[in-house]
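Student: This is the structure I want to talk about, given as structure tokens.
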Amino acid sequence: MEPLPNRQASVAVDLGAQSCRVSLLRWPRGQAQIKTVDRFPNGPVRSAEGWRWDIGRILEGVVRGLHAAAALAPEGIASVAVDGWAVDYVCLDDRGEPAEDPFCYRDLRTEASERQVHSILSPARLYALTGVQILRINTLYQLYADKMARNQRSPWLLLPEYVCHRLGGRRVAEYTNATHTALVDLGTRNWCQEIFDQLGLDQTAAPEIVPSGTVIGAIEGQLRGLAAFRGTKLIAAATHDTAAAIAAVPAEGEDWAFISSGTWSLVGTVLDSPCVREEARKLNFTNLGGAGGKICFLKNVNGMWTLSQCMEEWERAGHPTSVVQLVAACAGMPRPPALIDVDEPQLLLPGNTLQKINAQLERLGHPPFSQEKAEIPKIVNLLFHSLAARYAAVLSSIGQITGKKLRRLFIVGGASQNHYLNLLTAERSGLTVLPGPVESTTIGNFAIQLAALDGDWSRSGGVVARSVAHYAEQLIGNSFALSGDRKTD
């Protein structure tokens, strides 16, 4: 990368359902240097009303990380951007403060609201309007659950945008994140009037939708008193973490797909325009906003969530372990005699995970696993094989629906370094697997910030996708290296 002298730093805040991090991009001697300056745990909290997020604790962690970044950047910080998981939101009171801690998408309150919504607007009609897969976690069903409970009409903000708002930004919904609500019109890329009207939802409570890379304000409040944050711009990069991660894939052509691999695995490809064919609707594929106005055509797969739930149960049973240890224990193990459905609805919910796995095995006519420590590698091997098989099936469907001849598979996110799972995925899909850096979301976040700061902008799609890919390639270097995980004939 050519040296870029005298460039100020930037900060990327990544909110995760299990952990959050604050990263700093600096330019010593004109060369990019990314450092994680703070990381803190996160997770839903069980309350009398259901599963919620401690939004105050999340915000405290972000502010602490920003203080740490400021201390390391005497040259000043040009911009800050926040990304995170989708669908969850904060309702605001009359003072602009959280009316309550936001619900977690895994809360069961949307089971009833989903049924009620579909009695008014059919799944087929919703898909025709939005191109978004039917998932009960979508913001649409959460807002309707609020309405059913108390006729909620408070203004709301999706979580990453709420954090930006508290730091000084105006109230917006960035395009990539807004599409996850299942409330955005496929054609206009604005809030869908028909959905709001038919369901009696208050459209004035929804924030303005803005493109990726929009400058939405400047750091305000106590942080502005720090020298590093004087004049710092708040940028709505790609506030959905998967869109940010995919923006970090420096790939061209039509022969590639991606897996954003973490708690959820999002399996898909990038399109120039939405795909809402009947096959896509029947298989519940979704068309979500991508950086630069692109479309991320994908399907949610229940990723490492099931394994993390098992690990929590094993730790409580006195058998603590790590993912690294589990991957090593699986090496050389044979294929399991049966596979489970990793997307079974019960496995999306916390608790009693081994019991749910065993219930599937028993229905298939196979013996269940015991609670003995010796069984743990067998269980993990089953999960990895089942997950790889699900990936391969989704990737095959993508090729059939879009007509793409897929050859390459870029895997980004926290689980991209799971060599064993990558190998199984390559074997089952027949694709060349290219695992990327773990922190792809951070890199994509920074790439969009740089494109926005340098004015690489189009009115229709926000930051220009080609410019974002260029910056991402410069930040990543050769991190996407061929892993050798390719099927042999």
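Student: Per residue, how much accessible surface does the range 231-281 expose to a 1.4 Å probe? Answer in Å², no decimals. List each step's numbers first, then the result.
Tutor: Working: 1520 Å² over 51 residues.
Averaged over the residues of the range 231-281, the accessible area is 30 Å².
Student: Taking the Cα-to-Cβ direction at Q203 and at R39 and moving 7 Å from each Cα, how far apart do the two end points lie in nm?
Tutor: Calculated label separation equals 4.4 nm.
Student: Would you mind getting the accessible area per residue of the range 1-154, heavy atoms of the protein chains only, 1.4 Å probe, in Å²?
Tutor: Dividing the accessible area of the range 1-154 by its residue count gives 42 Å².
Student: Report the one residue of H419, L364, L383 whose Cα lies farthest in the direction of the positive end of the charge dipole of the range 347-489 (charges on C-beta: Lys and Arg +1, Asp and Glu -1; origin at the Cα centre).
Tutor: Positive-most Cα among the choices belongs to L364.
Student: For the range 219-347, treating each Cα as an identical point scatterer without solvent, what Debye log10 I(q)/I(0) comes out at q = 0.10, 0.14, 0.20 1/Å?
Tutor: So the normalised log intensities are -0.56, -0.89, -1.16.
Student: Say the dipole of the range 188-306 comes from +1 at the beta carbon of Lys and Arg and -1 at that of Asp and Glu; which of G217, V249, N284 then lies farthest toward its positive end?
Tutor: Projecting each Cα onto the dipole axis, the largest value belongs to G217.
Student: Then there is this: Can you give the percent of C-alpha pairs in the range 215-260 whose distance is more than 16 Å?
Tutor: Looking at the range 215-260, the distances longer than 16 Å represent 58 percent of pairs.
Student: Ok, one more. How big is Rg to Rh over the range 345-392, alpha-carbon atoms, Rh as the Kirkwood inverse-mean-distance radius?
Tutor: Ratio of gyration radius to Kirkwood radius: 0.96.
Student: Can you give me the distance in nm between label points at D341 and R230, each placed 7 Å from the Cα along the Cα-to-Cβ direction?
Tutor: For D341 paired with R230, the spin-label model returns 6.1 nm.
Student: Another question about this same structure. Size of the dipole of the chain about the Cα centre, Lys and Arg at +1 and Asp and Glu at -1 on the beta carbon, nothing else charged, in debye to 20?
Tutor: Dipole size: approximately 460 debye.
Student: Let me ask something else. At most 10 other Cβ atoms within 10 Å and a DSSP loop assignment: could you name the GluC sites (Glu not before Pro) in the range 189-293 that fit? Walk me through the numbers before you get to the answer.
Tutor: Values: sites: E194, E208, E220, E252, E254, E278, E279; in loops: E220, E252, E254.
Answer by residue number: E252.
Student: Exactly which trypsin sites (Lys or Arg not before Pro) in the range 219-259 are in a DSSP loop and have at most 16 other Cβ atoms within 10 Å?
Tutor: R230
Student: So what are the radius of gyration and Dmax for the Cα set of the range 183-294, in Å?
Tutor: In order Rg, Dmax, the Cα atoms of the range 183-294 give 17.8, 55 Å.
Student: Share of antiparallel DSSP beta bridges in the chain, in percent to the nearest 5?
Tutor: Given both bridge residues lie in the chain, the antiparallel proportion sits at roughly 70 percent.
Student: Taking the Cα centre of the range 304-363 as the origin and placing charges on Cβ (Lys, Arg +1; Asp, Glu -1), which of Q309, M333, P320 is farthest toward the positive end of the dipole?
Tutor: It is M333.
Student: Along each of the three principal axes of the Cα atoms of the range 373-457, give the extent in whole Å, ordering the values from largest to smallest.
Tutor: Taking the Cα atoms of the range 373-457, the three principal extents are 56, 37, 16 Å.
Student: Just the Cα atoms of the range 268-308: what Rg and Dmax do they give in Å?
Tutor: Cα only, the range 268-308: 12.1, 35 Å (Rg, Dmax).
Student: Something else now. How large is the helix-only mean residue ellipticity at 222 nm for the chain, computed as the sum of -39500 (n - 2.57) over DSSP H runs with n ≥ 4, divided by its residue count, in deg cm²/dmol to the nearest 500?
Tutor: Roughly -11000 deg cm²/dmol at 222 nm, from the helical runs in the chain.
Student: Convert 37 °C to kelvin, take the viscosity as 0.692 mPa s, use the Kirkwood radius over C-alpha pairs of the range 36-194 as Rh, and evaluate the Stokes-Einstein diffusion coefficient in µm²/s, rounded to a whole number.
Tutor: 192
Student: Would you mind calculating the gained length between E375 and D93 on full extension (0.36 nm times residue separation, minus the Cα-Cα distance), in nm to one decimal?
Tutor: Values: separation 282, 0.36 × 282 = 101.52 nm, distance 5.05 nm.
Difference between extended and current length: 96.5 nm.
Student: I'd like the FRET efficiency for M148 and Q31, computed as 1/(1 + (r/R0)^6) with the beta carbon distance as r and R0 of 45 Å, rounded to 0.05.
Tutor: E(calc), rounded to 0.05, equals 0.25.
Student: Another question, if that's okay. Percent of Cα-Cα pairs per 10 Å bin, from 0 to the last occupied bin, for the range 1-123, please list those.
Tutor: Per 10 Å bin, starting at 0, the Cα pair percentages come out as 12, 31, 27, 17, 10, 3, 0.
Student: For the range 245-293, report the convex hull volume of the alpha-carbon atoms normalised per residue, in Å³, without decimals.
Tutor: Cα-based convex hull of the range 245-293, divided per residue, equals 94 Å³.
Student: Which percent, to the nearest 5, of DSSP beta bridges fully inside the range 150-242 are antiparallel?
Tutor: The antiparallel fraction comes to roughly 65 percent.
Student: Oh, and also: With the full set of protein chains in place, find how many percent of the accessible area of the range 40-145 is carbon and sulfur; take the probe as 1.4 Å. Can you show the working numbers first?
Tutor: Numbers: 2150 of 3930 Å².
Carbon with sulfur: 55 percent of the solvent-accessible area.
Student: Separate question: For the range 303-449, which semi-axes, largest first and in whole Å, follow from the square roots of 5 times the eigenvalues of its Cα gyration tensor?
Tutor: That gives 28, 19, 15 Å for the three semi-axes.
Student: Straight-line reach from K356: which lysines have Cα under 23 Å away, leaving out those fewer than 8 places along the same chain?
Tutor: The qualifying lysines are K299, K373, K378.
Student: Using the Cα atoms of the chain to build a convex hull, what is its mean projected area in square nanometres?
Tutor: Here the figure is 22.8 nm², rounded to one decimal.
Student: Another one. Applying the Karplus parametrisation 6.51 cos²θ - 1.76 cosθ + 1.60 with θ = phi - 60° to the phi angles of the range 192-203, what ³J(HN,Hα) value in whole Hz is obtained for each residue in order, glycine and proline being reported as x?
Tutor: Each residue's phi maps through the Karplus curve to give 7, 4, 4, 5, 4, 5, 5, 9, x, 8, 8, 5 Hz.
Student: How large is ³J(HN,Hα) for each residue in the range 238-246, as worked out from phi by the Karplus curve 6.51 cos²θ - 1.76 cosθ + 1.60 (θ = phi - 60°), to whole Hz, x for Gly and Pro?
Tutor: 10, 6, 7, 4, 5, 4, 5, 5, 5
Student: Extending each Cα 7 Å along its Cβ direction at Q474 and L349, get the distance between those two points in nm, one decimal.
Tutor: So the label points at Q474 and L349 sit 5.0 nm apart.
The values are calculated or read from the model by the stated rules, or taken from the named source; none is laboratory data. Because the structure is a prediction, the values reported are computed rather than measured. Neighbour counts run over all protein chains shown; Cβ positions are idealised from the backbone, glycine included. What goes into the accessible areas is simple: the full protein's heavy atoms, side chains included, and nothing from ligands, DNA or RNA. Shrake-Rupley method; radii C 1.70, N 1.55, O 1.52, S 1.80 Å.
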